[in-house]
Amino acid sequence: MTTESSSSSAENRCQPDPDCQLCPRLAEFLGEQRLRQPAWHNRPVAAFGDRNASLLVVGLAPGVSGANRTGRPFTGDFAGKVLYSALARHGWSNDRFDERVDDGLELSDCRIVNAVRCVPPANRPTGAEIRTCRRFLVDEIEAEPRPGILLTLGRIAHLTVLRVLGMKDREAPFAHAAVVGLADGRHVVSSYHCSRYNVNTGRLTEAMFDDVMTLIDRLRA
């Protein structure tokens with residue numbers, strides 16, 4: 001098998017089927033969205049970025065009028081403006097983000113994925129849905145070459161990553177700007193989610209998110 005076909009095979013393992021039916025509630029909700037908004041993506045949202053990247057950013061799930069509409073993680077909603085602006089400031093992208101998939105945005109040594117690939121009703125996946133979709137996150141985190149830095153956005157994404165790593169909550173408690181080193185040399189960095197609610201309430205500021213990215217820059221150096 002060639003290097004190119006091996007990389008393609010690894011990429012395919014990380015993605016659910018476009019018509020995935022593993023979670024009945026989510027499949028039904030996506031069916032409803034396809035009837036309401038037939039021009040939208042309305043499918044599982046694939047990871048974005050180089051499969052060989054050293055930084056993997058893990059969010060929770062697509063937003064109904066964000067990634068579910070555009071088909072790219074964190075694209076089309078408020079959280080994407082915060083995330084992609086920070087990535088650009090710290091050299092992880094080419095700074096072409098314009099909230100649409102044809103904006104020319106390219107990530108540099110970075111990949112972005114959601115723990116749950118399909119949009120959930122009211123932006124709240126169930127525990128069973130998170131566990132079901134975890135198989136795809138396992139491939140993102142553990143398939144070679146493995147990302148050396150895992151940035152978790154929000155408590156649920158953080159706990160989901162810990163489950164993939166076989167870790168207990170007490171081994172890496174969720175906290176903003178917390179860094180946990182793993183025995184294999186990788187690191188888990190956690191941050192408050194860059195949602196509109198967190199920013200509007202002051203729970204997360206641009207400076208706070210930049211602090212997290214600075215920690216990641218030091219780990220990369």
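The values are calculated or read from the model by the stated rules, or taken from the named source; none is laboratory data. Here the structure is a predicted model, which means the values were calculated and not measured. Ideal geometry is used to build each Cβ from the backbone, glycine not excepted, and the neighbour counts take in all protein chains shown.
Here is the figure for segment 20-42: residues that are closer than 23 Å to Arg111 by Cβ and either within 13 Å of the chain's Cα centre (by Cα) or of a type in the set (Gly, Ala, Ser) (or both) total 0. Considering only residues of segment 133-157 that are among the β-branched types (Val, Ile, Thr) and either touching a Pro at 6+ places or on another chain (Cβ under 9 Å) or in a loop (DSSP other than H, G, I, E, B) (or both), which is nearest to Asp210 (Cα to Cα)? Only one residue fits best here, namely Ile156. Scanning segment 158-209 for residues that are part of a strand (DSSP E or B), under 16 Å from the mean Cα position of the chain (by Cα) and touching a residue at least 40 places away in the same chain (Cβ under 8 Å) returns Val189, Ser191.
Against the test of being at pLDDT 95 or above and touching a Leu at 6+ places or on another chain (Cβ under 7 Å), the options Gly59, Gly80 yield a single qualifying residue, Gly59. Identify all residues within segment 72-94 that are farther than 14 Å from Leu151 by Cα, of a type outside the set (Val, Ile, Thr) and in contact with a strand residue (DSSP E or B) (Cβ under 9 Å, 6 or more places away or on another chain); write none if there are none. Across segment 72-94, the qualifying residues are Arg72, Pro73, Phe74, Ala79, Ser93, Asn94. Within segment 186-221, restricting attention to residues that are crowded, with 18+ Cβ neighbours inside 10 Å and β-branched (Val, Ile, Thr), the residue that is farthest from Pro62 (Cα to Cα) is Ile216.
Got a number for residues in segment 114-132 being surrounded by fewer than 24 Cβ atoms within 10 Å (Cβ to Cβ) and either among the small types (Gly, Ala, Ser) or not in a loop (DSSP other than H, G, I, E, B) (or both)? Give the derivation first.
Within segment 114-132, the subset surrounded by fewer than 24 Cβ atoms within 10 Å (Cβ to Cβ) is 120-124, 126-132.
Pick out the ones that are also either among the small types (Gly, Ala, Ser) or not in a loop (DSSP other than H, G, I, E, B) (or both) and you get 121-123, 127-132.
Qualifying residue count for the region: 9.
Working only within segment 212-221, note down all residues that are in contact with a Ser or Thr (Cβ under 9 Å, 6 or more places away or on another chain) and either not in a helix (DSSP H, G or I) or not aliphatic (A, V, I, L, M) (or both). The answer is Arg220, and nothing else.
Among Asp98, Asp103, which is at pLDDT 95 or above, over 28 Å from Arg163 (Cβ atoms) and of a type in the set (Asp, Glu)? Outline the logic, then answer.
Details: Asp98 fails: at pLDDT 95 or above.
Among Asp98, Asp103, only Asp103 is at pLDDT 95 or above, over 28 Å from Arg163 (Cβ atoms) and of a type in the set (Asp, Glu).
One residue stands out in segment 160-185 among those that are surrounded by 20 or more Cβ atoms within 10 Å (Cβ to Cβ) and of a type in the set (A, V, I, L, M): the one that is farthest from Thr126 (Cα to Cα), namely Ala172.
If you check Asn123 against the conditions, is it under 15 Å from the mean Cα position of the chain (by Cα) and modelled with pLDDT under 95? Write out each step before concluding.
Numbers: under 15 Å from the mean Cα position of the chain (by Cα): yes; modelled with pLDDT under 95: yes.
Yes; evaluated as a whole, the condition is true for this residue.
Does Glu11 count as of a type in the set (D, E, K, R), at pLDDT below 95 and either more than 28 Å from Ile216 (Cβ to Cβ) or in a loop (DSSP other than H, G, I, E, B) (or both)? In short, no. Within segment 43-65, the residues that satisfy the criterion of being in a loop (DSSP other than H, G, I, E, B), among the aliphatic types (A, V, I, L, M) and either within 13 Å of the chain's Cα centre (by Cα) or closer than 20 Å to Leu162 by Cα (or both) are Val45, Ala46, Ala47, Ala53, Leu60, Ala61.
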